[in-house]
Amino acid sequence: MDNPILQIAFDFIHLMATIAWIGGMFFNFLVVMPTVGKVLDPATTGQFMKALFKRVRVVVYASLLLLFITGIPMKIASEYYVGIINFDTTWETIGFIKHVFVGLLALMAIYNFEILAPKVGKLAIDGPSPTLIALKKRQMMFGMISFLFGIIIILLSAMMNYL
């Protein structure tokens, strides 16, 4: 990719998708979740979270698509790129580790949106139960792990800029 305008456009789109996905996750985990639990009753919290995650789901999936579309040509165009899976340089090794975390984060998002959240929604209609509490704890655990993975991805990205 020798065209600097195309490189800038790809980098900009890639950064915006990262901000939307991981930044949104940070905001949700640090601001929305703690606030909602303190202000809204459980029934309203459930309705709010359902509506919120309906929109978040679209942002996450769109971000994943944009990251994939822009990331491949950006990596290939990098002066440090050697091959698809190559551990000859520190940059390639860190890049591989980063993409493993991105893949795991994507799988966790799909699991949460497509499997876990619908189960919680169906159980929440009937009111509190031990199963609902267990599923909500699992959601919280996945949220904490996702948050941690997001931090790791940003750290690894920053490292790649200086290797």
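No value in this document is a laboratory result; all are computed from the given coordinates. Quick caveat, the model's predicted, so the values are computed rather than measured. All Cβ positions, even for glycine, are placed from backbone atoms using ideal geometry, and neighbour counts span all protein chains on display.
Give the aspartates and glutamates whose C-alpha is closer than 17 Å to that of K54, dropping any in the same chain fewer than 8 places away, or say none.
Excluding near neighbours in sequence, the set is E114.
Is there a quick way to get the dipole size of segment 4-161? I mean about its Cα centre, with the Cβ of Lys and Arg at +1 and of Asp and Glu at -1; what is the value in debye to the nearest 20?
Computed charge dipole of segment 4-161: roughly 720 debye.
Considering only the other residues whose Cβ falls under 14 Å of the Cβ of V82, what net charge follows from Lys and Arg at +1 and Asp and Glu at -1?
-2
Can you spot the lysines whose alpha carbon is less than 18 Å from K38's alpha carbon? Ignore those fewer than 8 places along the same chain.
Qualifying lysines at Cα under 18 Å: K50, K136, K137.
Scattering from the C-alpha atoms of the chain alone, worked out with Debye: what is log10 I(q)/I(0) at q = 0.09, 0.13 1/Å?
-0.37, -0.69
Angle between the Cα long axis of helix 90-111 and the longest principal axis of the chain, 0 to 90 degrees, nearest 10?
The answer is roughly 30 degrees.
Could you give the angle, 0 to 90 degrees to the nearest 10, between helix 130-161's Cα long axis and the longest principal axis of the Cα atoms of the chain?
Here the helix axis deviates by roughly 20 degrees.
Pick from A51, A109, A117: which residue has the top mean-square fluctuation in a GNM of the chain where Cα pairs under 10 Å get a spring?
Looking only at A51, A109, A117, the largest GNM fluctuation is found for A51.
Which aspartates and glutamates have a Cα lying under 17 Å from the Cα of K75, excluding residues fewer than 8 positions away in the same chain?
Here the aspartates and glutamates satisfying the reach criterion relative to K75 are D2, D11, D88, E92.
Considering the convex hull of the alpha carbon atoms of segment 52-145, report its projected area averaged over all viewing directions, in nm², one decimal.
Convex hull of Cα atoms, orientation-averaged projection: 7.3 nm².
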